[in-house]
Amino acid sequence: MTSHADPPPIRRLGLLTSGGDCPGLNVAIRAVVRRATLGHGVEVIGIEDAVAGLVERRTYPLSSTTFDLGGFEPMLSTGGSILGSLNRDIGDVEEEMDAGYRAAGIDALIAIGGDGSLGILHEHARRRGWRLVGIPKTIDNDVAFTDRSIGFDSAVNTVVHAMGQLRTTGVSHDRVMVLETMGRHAGHLALHAGIAGGADVILVPEIPYTLDGLLETIERTREARGHLFALVVVAEGAADSSGQLVTASDRDGRARLGGIGALLAEQIEAGAGGRIEARATVLGHLQRGGPPSPLDALLATALGVHAVDLAMAGRFDTMAAWRGGRLETVPLLDVVRVGSNPVDPASQLVETARAMGIYLGDPDAVLASTRTTGTT
Ligand code: F6P
């Protein structure tokens with residue numbers, strides 16, 4: 001029997017995707033809807049463009065049978081998010097947002113987002129009494145308390161594929177090929193892809209590099225190979241020991257990371273006194289598109305199911321996480337308090353890269369100060 005003190009039962013779950021998109025979001029949406037509607041018999045209300053959809057009342061019921069499309073299951077292989085997403089500030093609209101939440105008749109909210117979005121939603125939920133469960137996604141893989149976020153593995157695959165393409169043209173023309181990856185202030189994407197794709201140099205935000213160290217590695221690689229070719233993978237947030245980030249301003253005047261690849265290529269050519277030709281490639285949003293890798297599809301399905309089960313069990317203000325090869329439940333407050341999860345310069349992967357002779361910056365250099373740009 002329901003007493004006055006009991007919280008209202010869950011009949012309707014709200015679902016949104018927030019922050020930069022990535023492969024695997026639609027797989028997570030599919031899993032949430034299937035588990036909620038078929039497993040628990042509750043309705044799922046899709047919210048378009050994250051919290052903007054609450055403000056503007058753009059919400060609609062999601063159905064498993066619609067997704068299935070007679071067995072074709074396009075959700076499994078379509079990148080992006082059918083719900084749309086939002087990775088910019090829309091101002092102080094909490095009142096309107098809350099009104100939209102109530103109008104949609106949502107009993108609890110499942111939010112698929114990065115550390116920035118989950119932090120913001122956690123704060124709204126705390127102030128407005130929303131019941132919230134988070135699912136981590138970001139190609140940056142920097143959400144704390146989860147080993148993997150949806151989208152990361154697919155982006156690693158994209159970068160490794162690009163490295164293979166750059167390798168053949170670089171070898172044919174005796175050039176240094178510089179590949180700039182995304183990742184914001186975390187180097188997980190560059191590090192994982194760099195090792196998997198056989199980079200000679202990997203530069204990440206967490207470990208400052210020196211131009212001398214970089215040029216020495218290129219020379220050493222040339223001697224070992226008998227001809228000039230080197231593959232440099234640089235994360236967009238990497239910096240030399242000055243800590244100076246390479247950025248451009250967006251239309252709102254906010255600094256946006258990008259351009260370090262071209263700068264490095266110029267510096268390599270200048271530093272080698274014209275003896276070396278270097279070319280830069282910026283992978284950009286290619287890393288956020290395309291179908292999810294099987295590992296991301298698996299992760300998105302497992303996290304989606306787990307998040308629904310957490311909501312139905314009344315375990316709110318939590319995040320469904322993947323740690324040590326299994327599903328776990330983490331308090332959202334812990335995730336928010338820790339904030340972004342950077343590469344540990346003393347990690348086994350960094351050691352592995354160094355053991356492979358990859359130049360990864362100066363091991364004794366001090367970690368550059370933490371900087372932020374935008375919402376993941
Ligand atoms: O956080 C995901 C991410 O792709 C970062 O790696 C990148 O710096 C940023 O988003 C790009 O954002 P936008 O799509 O707004 O250019």
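The values are calculated or read from the model by the stated rules, or taken from the named source; none is laboratory data. Computed from a prediction, not measured in an experiment: that's the story for all the values here. Neighbour counts run over all protein chains shown; Cβ positions are idealised from the backbone, glycine included. Just so you know, the surface numbers come from the protein's heavy atoms only, side chains and all, with ligands and any DNA or RNA stripped out. Shrake-Rupley method; radii C 1.70, N 1.55, O 1.52, S 1.80 Å.
Determine the gain in length on full extension of the stretch ARG220-ALA302; use 0.36 nm per residue of separation and subtract their C-alpha separation, reporting nm with one decimal.
Taking 0.36 nm per residue and subtracting the Cα distance, the gain is 25.0 nm.
Separation between the ARG11 and ALA196 pseudo-spin-labels, each 7 Å from Cα along Cα→Cβ, expressed in nm?
Inter-label distance under the simple model: 4.5 nm.
Once you treat every alpha carbon in segment 166-312 as an equal point and sum by Debye, what is log10 I(q)/I(0) at q = 0.13, 0.18 Å⁻¹?
Calculated log10 I(q)/I(0) at the listed q: -0.64, -1.04.
Any idea of ASP252's accessible area? Nearest 10 Å², probe 1.4 Å.
100 Å²
Starting from the Cα of THR352, step 7 Å toward the Cβ, then list every residue of segment 224-262 with an amide N under 20 Å from that point.
Counting backbone N atoms under 20 Å from the label point, the list is 231-235.
Accessible area per residue for the chain in Å², computed with a 1.4 Å probe and the full protein assembly in place, what is it? Present the calculation step by step, with values, prior to reporting the outcome.
Values: 16190 Å² over 376 residues.
Accessible area per residue, the chain: 43 Å².
Note down the relative contact order for segment 178-281 as a percent, whole number, built from C-alpha pairs under 8 angstrom at least six residues apart.
32 percent
Roughly what angle does helix 152-172 make with the longest principal axis of the chain, taking Cα atoms, 0 to 90 degrees, to the nearest 10?
Compared with the principal axis, the helix lies near 20 degrees.
Measuring from a point 7 Å past the Cα of SER249 along Cα-to-C-beta, which residues in segment 79-98 have an amide N at less than 19 Å?
Those under the cut-off are 89.
Please identify the GluC sites (Glu not before Pro) of segment 238-303 that satisfy two criteria: DSSP loop assignment and at most 16 other Cβ atoms within 10 Å. Which are they?
Passing sites in segment 238-303 are GLU277.
For every helix of n ≥ 4 consecutive DSSP H residues, a contribution of -39,500 (n - 2.57) applies; sum these over the chain, divide by its total residues, and give [θ] at 222 nm rounded to the nearest 500 deg cm²/dmol. Kindly include the intermediate steps, with their values, before the conclusion.
Details: 12 runs with 134 residues, N = 376.
Rounded to the nearest 500, it is -11000 deg cm²/dmol.
Any chance you could give the angle, 0 to 90 degrees and rounded to 10, that helix 94-103 forms with the longest Cα principal axis of the chain?
For 94-103 against the chain, the angle is about 50 degrees.
Any idea what angle helix 115-128 forms with the longest principal axis of the chain, computed on alpha-carbon atoms, 0 to 90 degrees, nearest 10?
20 degrees
How high is the FRET efficiency from SER172 to LEU263, r the C-beta distance, R0 25 Å, rounded to 0.05?
The value I calculate is 0.50.
Show the residues, 5+ positions off or on another chain, whose built amide H is closer than 5 Å to the amide H of VAL234.
LEU179, GLU180, THR181, LEU203
What is the percent carbon and sulfur in the accessible area of the chain, measuring with a 1.4 Å probe over the protein chains and ignoring ligands? Don't jump to the answer; show the numbers that get you there.
Values: 8450 of 16190 Å².
Looking at the chain in its full context, I get 52 percent from C and S.
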